[in-house]
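Participant: Once you've had a glance at the structure underneath, I'll fire off some questions.
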Amino acid sequence: MHRNIMKTVFVVGLALLAATTVSAQVKVAVIDVQRVVTESDAGKESLGKLKALQDAKIAEGRGIQEQADALREQISKQQFTLAAAKLEELQKQLEDKGIQLRRFQDDAQRELDEARRVALEGLEERILPVIDGVGKERGYTLIFNKFQSGLVYADEAVDITDEVIRRFNTAP
């Protein structure tokens with residue numbers, strides 16, 4: 001979503017330069033897309049699903065870590081009473097558990113990143129028509145993403161975030 005927005009900002013910047021040379025009637029608005037994601041009903045739902053997935057992965061990882069800790073404790077308590085072969089077997093199990101945990105963490109991170117990307121792209125697809133509609137109805141030439149466009153200042157009067165959230169929440 002961020003890459004698409006940055007591309008859009010670049011194109012919009014070029015359009016702004018072209019528009020200002022053609023006409024002095026440029027009507028500009030800003031939107032806080034992050035707020036739309038965190039405050040809209042669909043955004044809250046998506047973020048809730050991502051949080052649930054993250055919590056499940058944390059719990060699963062914690063389970064593997066507890067198994068490794070139990071093996072480590074068993075080795076520590078029994079290292080002087082176990083046969084060398086049994087001790088070696090337990091140490092191998094502990095090493096395997098460490099590898100399993102690292103792989104799990106890498107896989108879980110990839111899965112969470114992919115789920116986040118898919119969720120944000122889905123929201124973006126649903127939000128952009130709402131933004132487009134507000135822009136056309138109000139006659140805006142340009143709408144900038146408030147905090148990711150390099151914008152340093154914008155009067156609150158040109159912020160359309162609340163209206164976009166209202167319309168997005170009621171969109172079919």
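The values are calculated or read from the model by the stated rules, or taken from the named source; none is laboratory data. Here the structure is a predicted model, which means the values were calculated and not measured. Note: ideal-geometry Cβ built from the backbone for every residue, glycine included; neighbour counts use all protein chains shown. Ligands, DNA and RNA are excluded from the accessible area calculation, which covers all protein heavy atoms including side chains. Shrake-Rupley method; radii C 1.70, N 1.55, O 1.52, S 1.80 Å.
Participant: If you take the Cα atoms of region 48-108, find Rg, then find the Kirkwood Rh from the mean of 1/r over all pairs, what is Rg/Rh? Before the final figure, lay out the partial values.
Facilitator: Working: Rg = 14.8 Å, Rh = 12.8 Å.
Dividing the radius of gyration by the Kirkwood radius yields 1.16.
Participant: Just to compare against my own numbers: the Cα pair-distance distribution for region 35-81, 5 Å bins, whole % per bin, please.
Facilitator: Calculated P(r), rounded to whole percents: 5, 20, 12, 12, 10, 9, 9, 6, 6, 5, 4, 2, 1.
Participant: Further question on the same structure: If R₀ is 35 angstrom, what is the calculated FRET efficiency for the pair Arg117 and Gln25, using the beta carbon separation as r and rounding to 0.05?
Facilitator: So, using R0 = 35 Å, E works out to roughly 0.35.
Participant: Now for a different question. Between Arg102 and Lys49, what FRET efficiency follows from the Cβ-Cβ distance if R0 is 30 Å, with the result rounded to 0.05?
Facilitator: Values: r = 26 Å, r/R0 = 0.87.
After rounding, the FRET efficiency stands at 0.70.
Participant: Still on this structure, please answer the following. Within the chain, how many Lys pairs that are eight or more residues apart, or on different chains, come under 24 Å at the alpha-carbon?
Facilitator: For the chain, qualifying lysine pairs total 14.
Participant: While we're looking at this one, here's another question. Tell me the label-point distance for the pair Gln109, Thr141, using the 7 Å Cα-to-Cβ offset, in nm and rounded to one decimal.
Facilitator: Modelled inter-label distance: 4.6 nm.
Participant: Tell me the mean residue ellipticity at 222 nm calculated for the chain from its helices only (DSSP H runs of n ≥ 4, each -39500 (n - 2.57), averaged over every residue, nearest 500).
Facilitator: On the way: 5 runs with 131 residues, N = 172.
For the chain, the value works out to -27000 deg cm²/dmol.
Participant: How big, on average over all directions, is the shadow cast by the Cα convex hull of region 97-172, in nm²?
Facilitator: Working: hull surface 31.1 nm².
If you wrap the Cα atoms of region 97-172 in a convex hull and average its projections, you get 7.8 nm².
Participant: Would you mind working out the accessible area per residue for the chain, using a 1.4 Å probe, and quoting it in Å²?
Facilitator: 66 Å²
Participant: Show me the helices of the chain, taken as full DSSP H stretches, that run 15 Å or more along their long axis by Cα and average 0.0 or above in Kyte-Doolittle hydropathy.
Facilitator: Working: long enough: 2-22 (29 Å, 1.20); 41-78 (55 Å, -0.90); 84-138 (79 Å, -0.88).
Long hydrophobic helices here: 2-22.
Participant: For the chain, what D do you get in µm² per second when you plug the Kirkwood radius from alpha-carbon pairs into Stokes-Einstein at 25 °C and 0.890 mPa s?
Facilitator: In µm²/s, the coefficient rounds to 122.
Participant: Same structure again: If I model a spin label as a point 7 Å beyond the Cα along the Cα-Cβ vector, how far apart are those points for Arg62 and Gln79 in nm?
Facilitator: For Arg62 paired with Gln79, the spin-label model returns 2.8 nm.
Participant: Carbon-plus-sulfur fraction of the accessible area of region 33-172, 1.4 Å probe, in percent? Numbers along the way, then the final one.
Facilitator: Details: 4740 of 9090 Å².
The computed percentage sits at 52.
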